[in-house]
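S.K.: Have a look at the structure that comes next, please.
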Amino acid sequence: MSKRKQLRALDEAEAQELFAEQDPVEMALDTFLAEGLISAVLYPVKSGKEATVYCCQAPAAAGGKLFAAKIYRSRDHRGFKNDAVYQEGRVITKGQVRRAVQKKSRFGREVQFDLWIDHEFEALTILHRAGVSVPQPVARAQSAILMEYIGDHQRAAPSLGGNDLSPRQARIVFDSVLNDIERCLAHNYIHGDLSAHNILYWQQRARIIDFPQAVDPRFNPNAFFLLARDIENVCQYFARYDLLYDGRRISEQLWRKFKNARL
Ligand SMILES: Nc1ncnc2c1ncn2[C@@H]1O[C@H](COP(=O)(O)OP(=O)(O)O)[C@@H](O)[C@H]1O
Ligand SMILES: [Mg+2]
């Protein structure tokens, strides 16, 4: 082996050793740490279906603000079985990439994983700018996104189900969630997995989270079905507060407005 090859082999072995020792959470958040956006991971919030979320803190010099870091499950640990309904109508322009995704090859799955994260980051960016109550996105790393934290040093905001709302609060939250659904639609987004689990309630305010599967109602043939399901879930949840609405009717009205470009 030439001297140069020997050296390179040594470097690779060293690099592998270094990575093996690094904590996987720190590795996923490396970009945010290196850019000085965060300096500490305070506590894990929750491991969900697709991701684990951590409460992180910015360096004291940058104000010490809290952020949520959502680390997506690696492509090998996620199922893609339910993706089809959300993927229809999404266009991948590069032929080679599109075919790889369709064939679910390893490369295809890697691309899919990336698109999934991009999609959530983009949805949060557009919707936050549009005034929808979603956490403000801050930065994107290879397998994670950093966003506004809903909660404080002690605990994360509970989901809607973890609260006992007064009748007045329930009414306000119901109206705000329906307004948000309408505003999303006006910006060509349907959440697609909306339920009380994906609505956080903190300091009298509801925020919608978890957008990687969101669909574009202009192109996805399942759009109305997904919109109606989202609205039905919300209505069903609020029935416990004696707010009795016909979800189907609300969806049909909204859909008509969307189709007639009146949103
Ligand atoms: N910005 C945030 N602030 C506080 N907690 C959050 C935030 N985003 C997510 N969480 C918590 O992490 C959980 C999982 O996040 P979510 O985006 O719903 O991913 P999953 O697809 O795994 O359900 C949520 O149910 C919520 O408890
Ligand atoms: Mg969720």
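The values are calculated or read from the model by the stated rules, or taken from the named source; none is laboratory data. Just so it is clear, the structure is predicted and the values come from calculations on it, not from any experiment. All Cβ positions, glycine included, derive from the backbone under ideal geometry; neighbour counts span all protein chains shown.
S.K.: Can you say whether ILE208 is of a type in the set (A, V, I, L, M), surrounded by 15 or more Cβ atoms within 10 Å (Cβ to Cβ), touching a residue at least 60 places away in the same chain (Cβ under 8 Å) and within 12 Å of ligand 1 (Cβ to nearest atom), as far as the supplied structure shows? Show your work before the answer.
M.R.: On the way: of a type in the set (A, V, I, L, M): yes; surrounded by 15 or more Cβ atoms within 10 Å (Cβ to Cβ): yes; touching a residue at least 60 places away in the same chain (Cβ under 8 Å): yes; within 12 Å of ligand 1 (Cβ to nearest atom): yes.
Judged against the criteria, ILE208 is a match.
S.K.: Among the residues of the stretch 204-213, are any among the β-branched types (Val, Ile, Thr) and within 16 Å of ligand 2 (Cβ to nearest atom)? Steps first, answer last, please.
M.R.: First, the residues of the stretch 204-213 that are among the β-branched types (Val, Ile, Thr): 208-209.
So of that shortlist, the ones also within 16 Å of ligand 2 (Cβ to nearest atom) come out as 208-209.
Looking through the stretch 204-213, at least one residue is among the β-branched types (Val, Ile, Thr) and within 16 Å of ligand 2 (Cβ to nearest atom).
S.K.: Kindly indicate whether any position in the stretch 230-239 is touching a Gly at 6+ places or on another chain (Cβ under 6 Å), in a loop (DSSP other than H, G, I, E, B) and away from ligand 1 (no atom under 16 Å from the Cβ). Reasoning before the result, please.
M.R.: Here is the first cut: in the stretch 230-239, the residues touching a Gly at 6+ places or on another chain (Cβ under 6 Å) are 231-232, 235.
After this cut, where a residue has to be in a loop (DSSP other than H, G, I, E, B) as well, the list is none.
Looking through the stretch 230-239, none of the residues is touching a Gly at 6+ places or on another chain (Cβ under 6 Å), in a loop (DSSP other than H, G, I, E, B) and away from ligand 1 (no atom under 16 Å from the Cβ).
S.K.: Evaluate the stretch 133-155: report whether one residue or more is within 16 Å of GLN213 (Cβ to Cβ), out of contact with any Asp or Glu (no Cβ under 9 Å at 6 or more places or on another chain) and surrounded by 13 or more Cβ atoms within 10 Å (Cβ to Cβ).
M.R.: Initially, the stretch 133-155 is screened for residues within 16 Å of GLN213 (Cβ to Cβ), giving 134, 145.
Now narrow it down to the ones that are out of contact with any Asp or Glu (no Cβ under 9 Å at 6 or more places or on another chain): none.
Looking for residues that are within 16 Å of GLN213 (Cβ to Cβ), out of contact with any Asp or Glu (no Cβ under 9 Å at 6 or more places or on another chain) and surrounded by 13 or more Cβ atoms within 10 Å (Cβ to Cβ), one finds none in the stretch 133-155, hence no.
S.K.: Go through the stretch 16-67 and give me each residue that's within 16 Å of ligand 2 (Cβ to nearest atom), among the charged types (D, E, K, R) and touching a residue at least 40 places away in the same chain (Cβ under 8 Å).
M.R.: Once the filter is applied, which keeps residues that are within 16 Å of ligand 2 (Cβ to nearest atom), among the charged types (D, E, K, R) and touching a residue at least 40 places away in the same chain (Cβ under 8 Å), the stretch 16-67 yields LYS46, GLU50.
S.K.: Ok, one more. Which residue is surrounded by the most Cβ atoms within 10 Å (Cβ to Cβ), if the candidates are limited to the stretch 219-229 and must be assigned to a helix (DSSP H, G or I) and of a type in the set (A, V, I, L, M, F, W, C)?
M.R.: Start the filter on the stretch 219-229 by keeping residues that are assigned to a helix (DSSP H, G or I), which leaves 223-229.
Those left that are additionally of a type in the set (A, V, I, L, M, F, W, C): 223-228.
Details: ALA223: 21, PHE224: 17, PHE225: 14, LEU226: 22, LEU227: 25, ALA228: 18.
Taking the candidates together, the pick is LEU227.
S.K.: Within the stretch 240-254, track down each residue that is touching a residue at least 40 places away in the same chain (Cβ under 8 Å) and assigned to a helix (DSSP H, G or I).
M.R.: TYR241, ILE250, LEU254
S.K.: For the list (1) under 28 Å from CYS235 (Cα atoms); (2) more than 16 Å from ligand 2 (Cβ to nearest atom), I need the number of the one condition that ARG140 fails.
M.R.: Result: ARG140 fails condition (1) only.
S.K.: Here is a follow-up. Being crowded, with 16+ Cβ neighbours inside 10 Å, of a type in the set (D, E, K, R) and more than 22 Å from GLU50 (Cα to Cα): is that true of ASP193 here?
M.R.: Values: crowded, with 16+ Cβ neighbours inside 10 Å: yes; of a type in the set (D, E, K, R): yes; more than 22 Å from GLU50 (Cα to Cα): no.
Against the criterion (crowded, with 16+ Cβ neighbours inside 10 Å, of a type in the set (D, E, K, R) and more than 22 Å from GLU50 (Cα to Cα)), ASP193 does not qualify.
S.K.: Here is a further query. Would you check which residues across the stretch 80-91 are assigned to a loop (DSSP other than H, G, I, E, B) and at pLDDT 80 or above and list them?
M.R.: First, the residues of the stretch 80-91 that are assigned to a loop (DSSP other than H, G, I, E, B): 80-83, 88-91.
Hits for the stretch 80-91 are GLU88, GLY89, ARG90.
S.K.: Ok, one more. Do we have ARG207 as more than 16 Å from the chain's Cα centre (by Cα), at pLDDT 95 or above and among the basic types (Lys, Arg) here?
M.R.: no
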